[in-house]
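Novice: Dumping the structure here so I can ask a few things about it.
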Amino acid sequence: MTAQTIAQQQDGRGALRAFWLTALAMGLVIAQAIAAQARPDSFADLADTVSPAVVNITTSTVVAQGTGPSPIVPEGSPFEDFFREFQDRNGDGPRRTSALGSGFVISEDGYVVTNNHVIESADEVIIEFFSGEELTAEVVGTDPKTDIALLKVDTDKPLPFVSFGDSDAARVGDWVVAMGNPLGQGFSVSAGIVSARNRALSGTYDDYIQTDAAINRGNSGGPLFNLDGQVIGVNTAILSPTGGSIGIGFSMASNVVTRVVDQLKEFGETRRGWLGVRIQDVTDDVAEAIGLEKVAGALVTDVPEGPAADAGMEAGDVIMSFDGKEVTDTRSLVRQVGNSPVGKTVRVVVFREGKTKTLKVELGRREEAEGAIPAAQPGEDEPEAQEEAEKTVLGLTLAPLDDELRGQLELDPESDGLVVKDIDTLSEAYEKGMRAGDVITEAGQQKLRAIGDFEDRINDAREAGRKSLLLLVRRAGEPRFVALSLEESGESGESNE
């Protein structure tokens, strides 16, 4: 090979290397350009567009003298006389207190959304607009369960307003902008990202968006915007040891808020569907005990008088789907039912005794039913089983209910079952929350009236190849299911744990 040939090959390799380096550099430039597009240089245009629809809310409440906070002064302190004179000068009559919050206009004719806790118990609600104009608002309706309130101001001109977006379309990591009146400082904007979705705090219908956009006291009721200027959340709460923002804020998802707002606007109150059951989540051991292949659904613990009872639903049923939608757990079922119209007839698929069954249920109204659900229903009237002595089974010292025990536990005279008189603190039953005084009314989804019934259910479960037995346990009238393992217990039913 000549020197000329070698030089040509080297030149070719150098050109190829230069080509790939150039391509790599261009790729990096393109990636940086895409990243720059995903991260806005400024939120100023968005703020200019939506700020006119964001409002400050001032509430005024008359309280009796002495019901508000007062300074705490040690007895004998030199300031004691000073504060006593100060209180005397202010008199003993009622006084007016004020509170601040935020909100946003959702229609040109003056409907305003905020938090219920912002306006709760207020005698007067003043809306301050971005322009500085102030108007008095009337409360159209409130929903403490989602902490949402709908207000209305009278105006002779169309107001700037914002629209709701689809909170389900928000992704973790998306940019969001919070607006409101933090700490009474007036209109303020903060930006962050969606930190998490579907957070539950304490309410039945909670569906919070978690964000690190700064939310402080006074931001309550203000909007959380996506980059399209749509409201995807209502700023409601923060998690903080200091009372100030530490980057953990919660906004009620717009898909929850819109349904509440529509009902408040139409009826002045909420009207949620009601199924009429008590439920608990399905656990691994519960699923095994009843032969359910998938750990999902909502286990029915009690069916008081109501829509579900009328449709033939029974305690021990597992609700697998509701109105065509899969039920993953109790929380999802509660939300699905609550979001359904009152009076609608829905198909509910339940798992019962190894098979699925479809029931048609006409939903009632939850607001009418709340507080009216009776305590757990007593057993049917049947001849009493012959009384047996106490016996320890699966770590539980059991005795059949008699009149004396019914009186001690304040149970109905017709109540049947086995009372837990003592419990082994090292047993699985104790680990799963069972305690002395609990009443076991069913085992293997069959009623109990004697200890022999319980032992029969254990033997039946073993013969069927079950590894656990499902118990229906009642405490102070409240039912729940507990699945106990049978693998380590002896043939006599005695606990070997």
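The values are calculated or read from the model by the stated rules, or taken from the named source; none is laboratory data. As the structure is a prediction and not an experimental result, all values here were calculated from the model. When we count neighbours, we look across all protein chains shown, and the Cβ atoms used for this are built from the backbone with ideal geometry, even at glycine.
Novice: Consider I246 carefully, then state whether it is free of Cβ contacts under 8 Å to residues at least 12 places away in the same chain, within 25 Å of S42 (Cα to Cα) and not small (G, A, S).
Specialist: yes
Novice: Of D168, D207, D147, which residue is under 21 Å from V105 (Cα atoms) and in contact (Cβ under 8 Å) with a residue 60 or more places away in the chain?
Specialist: Testing whether each residue is under 21 Å from V105 (Cα atoms) and in contact (Cβ under 8 Å) with a residue 60 or more places away in the chain leaves just D147.
Novice: Given the criterion of a type in the set (A, V, I, L, M, F, W, C), surrounded by fewer than 19 Cβ atoms within 10 Å (Cβ to Cβ) and in a loop (DSSP other than H, G, I, E, B), identify the matching residue among L183, L201.
Specialist: L201
Novice: Okay, moving on. Does segment 198-219 hold any residues that are among the aliphatic types (A, V, I, L, M) and either more than 17 Å from D174 (Cβ to Cβ) or over 21 Å from the mean Cα position of the chain (by Cα) (or both), and which are they?
Specialist: Matches in segment 198-219: A200, L201, A213, A214.
Novice: Something else about it: For segment 100-143, name all the residues that are free of Cβ contacts under 8 Å to residues at least 40 places away in the same chain and more than 14 Å from N56 (Cα to Cα).
Specialist: N116, E120, E138, V139
Novice: Checking I209 against (1) farther than 22 Å from T330 by Cα; (2) in contact with a Ser or Thr (Cβ under 7 Å, 6 or more places away or on another chain), only one condition comes out false. Which one?
Specialist: Going through (1) farther than 22 Å from T330 by Cα; (2) in contact with a Ser or Thr (Cβ under 7 Å, 6 or more places away or on another chain) one by one, I209 breaks only (1).
Novice: Quick one: G229 ticks every box in (1) out of contact with any Phe, Trp or Tyr (no Cβ under 6 Å at 6 or more places or on another chain); (2) at pLDDT below 95; (3) of a type in the set (G, A, S) bar one, so which box is it?
Specialist: Just one mismatch for G229, condition (2).
Novice: For segment 465-488, give me the residue count where each residue is surrounded by 19 or more Cβ atoms within 10 Å (Cβ to Cβ) and of a type in the set (D, E, K, R).
Specialist: Count: 3.
Novice: Report, by residue number, each residue of segment 392-408 that is in a loop (DSSP other than H, G, I, E, B) and either polar (S, T, N, Q) or more than 17 Å from I423 (Cα to Cα) (or both).
Specialist: Our first condition is that a residue be in a loop (DSSP other than H, G, I, E, B); within segment 392-408, this holds for 394-395, 401-402.
If the condition is that a residue be in a loop (DSSP other than H, G, I, E, B) and either polar (S, T, N, Q) or more than 17 Å from I423 (Cα to Cα) (or both), then D402 is the only one that fits.
Novice: For residues in segment 141-163 being out of contact with any helix residue (DSSP H, G or I) (no Cβ under 6 Å at 6 or more places or on another chain) and not basic (K, R), which is nearest to M252 (Cα to Cα)?
Specialist: Selected residue: S163.
Novice: Scan segment 218-231 residue by residue and report those that are within 30 Å of S98 (Cβ to Cβ) and either assigned to a loop (DSSP other than H, G, I, E, B) or aliphatic (A, V, I, L, M) (or both).
Specialist: Scanning segment 218-231 gives G218, N219, S220, G221, G222, L224, V231.
Novice: Right, something else. Name the one entry in T97, T59, T67 that is at pLDDT below 95 and in contact with a helix residue (DSSP H, G or I) (Cβ under 9 Å, 6 or more places away or on another chain).
Specialist: Details: T97 fails: in contact with a helix residue (DSSP H, G or I) (Cβ under 9 Å, 6 or more places away or on another chain); T67 fails: in contact with a helix residue (DSSP H, G or I) (Cβ under 9 Å, 6 or more places away or on another chain).
Just one listed residue meets the conditions, T59.
Novice: Would you check if there is a residue in segment 377-385 being modelled with pLDDT of 80 or more and hydrophobic (A, V, I, L, M, F, W, C)?
Specialist: Within segment 377-385, not a single residue is modelled with pLDDT of 80 or more and hydrophobic (A, V, I, L, M, F, W, C).
Novice: Do we have any residue at all in segment 463-481 that's in a helix (DSSP H, G or I), closer than 22 Å to E293 by Cα and at pLDDT below 85?
Specialist: Within segment 463-481, one or more residues are in a helix (DSSP H, G or I), closer than 22 Å to E293 by Cα and at pLDDT below 85.
Novice: Something else now. So which residues in segment 109-140 are of a type outside the set (A, V, I, L, M), over 29 Å from the mean Cα position of the chain (by Cα) and assigned to a strand (DSSP E or B)?
Specialist: E124, E128, E134, T136, listed by residue number.
Novice: Kindly indicate the residue of segment 287-337 that is among the charged types (D, E, K, R) and either within 23 Å of I440 (Cβ to Cβ) or not assigned by TED's automatic domain parsing to the domain that holds G364 (or both) and also nearest to the chain's Cα centre (by Cα) among those meeting that condition.
Specialist: D302
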